[in-house]
Every structure is written in C-alpha cells, then in structure tokens.
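> Here's a structure for you.
The values are calculated or read from the model by the stated rules, or taken from the named source; none is laboratory data. Computed from a prediction, not measured in an experiment: that's the story for all the values here. Positions of Cβ are backbone-derived with ideal geometry, glycine not excepted, and every protein chain shown enters the neighbour counts. In case anyone asks, the SASA skips ligands and DNA or RNA and just uses the protein heavy atoms, side chains included. Shrake-Rupley method; radii C 1.70, N 1.55, O 1.52, S 1.80 Å.
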Amino acid sequence: TREVALLLRCCVWADQPHRLERLDGAIEAVRVDPPTLDRGDYVELLPSVLADRRDGALLVVFQTASTGWLPRERYEELRRRLDEADRPLAWISSRRREEMETGLEGGFELELALWPERGARLVARLGFHGQWLEWWG
C-alpha cells in the first residue's frame, strides 16, 4: 500500500538518496509482480517452507542482516534446521559478528553454502546497506 511504501521510505537516512532510488525501484517491482509473503517467525516457518518444494529442486535461503538480531539459541536452531533439510539447498547469508573471520570492520561478511557439494564459506564482504561489494577467494 501507499502507506507502507511511505513508512519504508522514512527508514532511509536522509543523506542517502541512492538508497531511496533503489527502494523506489524495489517498491515498483513488487507492485508489478507481488511476491507471496508468509507472516510469522522465520525460524519456525523454515521447515514447512523447505518441505514445500518440488523434489530435487534447489531452494535458496537468503538473508542479509536478520540473523544478527536473533538470540544465540534461535540462531543455533535456524542452523540446525538448515542442517537437517533435504538437499540440494543453498544458503546465502551475512555472518554474525562472532562468526567473522577477516577481522575487518565496517561491513558484513557474506557466506555461501551449496549443500551437499560445499559447506559454508566466505565469498565476499559488503557494505551494511549494499553500497559496495568485495568478492573474496
């Protein structure tokens, strides 16, 4: 709705017009082709989402910052649920602070797992708001 779009725009810092442009583009894309949204606790919903796919289809679980807000036990539950999921499965995620291996400040580390072929590994660093990306390894 228009009200939700305005609320989202209010969350963008005033000195970052480039982020407003990206947000406006995303809002327009959603208006043209609205996604299906599931409401609820994503740690709890994950098993049903993972189960609701075609046999053998690669499912990609992606997040950029939300796991950093999960309490440790909820994050560990999320990882357990991913470990127990049917394969193939891809995981693209920013790392939590305690998982970071570069020691660099000022951005997220991004990890990728493609199970069963390869476990989670560092693939990039990126700005907190997507303003830059450095590929690693």
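> What is the magnitude of the charge dipole of the stretch 28-137 about its Cα centre, with +1 placed on the Cβ of each Lys and Arg, -1 on the Cβ of each Asp and Glu, and no other charges, expressed in debye to the nearest 20?
Roughly 80 debye, rounded to the nearest 20.
> Moving to a separate point now. Along each principal axis of its Cα atoms, how long is the chain end to end? Whole angstroms, biggest number first, please.
Its Cα atoms span 42, 37, 27 Å along the three principal axes.
> Let me ask something additional. Enumerate the whole-percent occupancy of each 5 Å bin, from 0 to the last occupied one, for all C-alpha pair distances of the stretch 72-137.
4, 16, 26, 22, 18, 12, 3, 0
> Under a point spin-label approximation (7 Å from Cα along Cα-to-Cβ), what is the Arg54-Glu134 distance to one decimal in nm?
So the two model labels end up 4.0 nm from each other.
> Could you run the Karplus curve 6.51 cos²θ - 1.76 cosθ + 1.60 with θ = phi - 60° over the stretch 113-130 and give me ³J(HN,Hα) per residue in whole Hz, x for Gly and Pro?
3J(HN,Hα) across the stretch 113-130, in whole Hz: 10, 10, 8, x, 5, 8, x, 5, 8, 5, 10, 6, 10, 8, x, 4, 10, x.
> Counting only helical runs of four or more DSSP H residues, what would the 222 nm mean residue ellipticity of the chain come to if each run contributes -39,500 (n - 2.57) and the total is spread over all its residues?
That comes out to -11000 deg cm²/dmol.
> Indicate, rounded to the nearest 5 percent, the antiparallel portion of the DSSP beta bridges found entirely in the chain.
75 percent
> Next question, about the same structure. Can you compute the FRET efficiency between Leu104 and Leu23 using 1/(1 + (r/R0)^6), with r the Cβ-Cβ distance and R0 = 25 Å? Round to the nearest 0.05.
Efficiency for this residue pair is about 0.40.
> For the stretch 50-123, give me the percentage of DSSP beta bridges that are antiparallel, rounded to the nearest 5 percent.
Taking every DSSP beta bridge within the stretch 50-123, about 65 percent pair in antiparallel fashion.
> For the chain, give the percent of accessible area contributed by carbon and sulfur heavy atoms, probe 1.4 Å, rounded to a whole number.
56 percent
> Tell me, what is the Rg over Rh of the stretch 1-71, with Rh the Kirkwood radius over Cα pairs?
With Rg and the Kirkwood Rh in hand, the quotient comes to 1.04.
> GNM on the chain, C-alpha springs below 10 Å: top fluctuator among Trp115, Trp13, Trp69?
Answer for the Gaussian network model of the chain: Trp13.
> Also, I was wondering about something else. Given H placed on each backbone N at 1.01 Å, which residues far from Ala124 in sequence or on other chains put an amide H within less than 5 Å of it?
Close amide H contacts, sequence-distant or interchain: Leu110, Trp136.
> Within the chain, what's the longest run with no trypsin sites (Lys or Arg not before Pro) in a DSSP loop and at most 14 other beta-carbon atoms within 10 Å? Give the range, please.
With trypsin sites (Lys or Arg not before Pro) excluded where exposed in loops, the chain gives 55-137 as its longest stretch.
> Sticking with this one: What relative contact order, as a whole-number percentage, does the chain give when Cα pairs under 8 Å and 6 or more residues apart are counted?
Answer for the chain is 15 percent.
> Still on this structure: ³J(HN,Hα) across the stretch 77-87 via Karplus (A = 6.51, B = -1.76, C = 1.60, θ = phi - 60°), whole Hz, x for Gly/Pro?
Values per residue, Gly and Pro as x: 5, 4, 5, 4, 5, 5, 4, 8, 6, 4, 9 Hz.
> Could you compute the net charge surrounding Glu101? Neighbours are other residues with a C-beta less than 9 Å from the C-beta of Glu101; K and R count +1, D and E count -1.
Result for the local shell: -1.
> Could you state the accessible area per residue of the chain in Å², with a 1.4 Å probe and every protein chain left in place?
Solvent-accessible surface per residue comes out at 70 Å².
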